[in-house]
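Report on the structure given below.
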Amino acid sequence: MTKEDVWLLVQAIPRGCVATYGQLAALAGNPRAARGVVWALKLAPPGTPCHRVVNRLGTLAPPGVFGRDLQRALLMKEGVSFLPDGRIDFEKALWRVRYEDIAKKSGILQEPPQNLEDGRPRR
């Protein structure tokens, strides 16, 4: 998994959807590399929609990453739903990965990874 792989996957996340760090790590071929995804996003070029990536609980990045409330504002502008406790509503907003679309858009995936179930990493 390279940082460029992560950037391409993030570019494939549709507006109005979010992905988790673990989900992107699994899609990039290394399901245990969620922290590597975090580091790749810190180095992402301008215009990469990093605001669409959240943790496995659906909570947003710490305020120092995007600035106070910026990530939430960007996601709300795209139509992402939130639960009353402030977490992302994964039932409505989690990216349900279509492997064909990723393979075409990014060139990373040749076949669906076996470690994902319904778009989420299996534990």
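Tally Lys/Arg at +1 and Asp/Glu at -1 over every other residue whose Cβ is under 12 Å from the Cβ of VAL54; what's the total? Taking every Cβ under 12 Å from that of VAL54, the sum is +3. Using the average count of surrounding beta-carbon atoms within 10 Å as a protection proxy, the listed peptides 23-36, 67-80 rank, highest first, as 23-36, 67-80.
Every number in this text was worked out from the coordinates using simple rules, so none of it is lab data. Because the structure is a prediction, the values reported are computed rather than measured. All Cβ positions, even for glycine, are placed from backbone atoms using ideal geometry, and neighbour counts span all protein chains on display.
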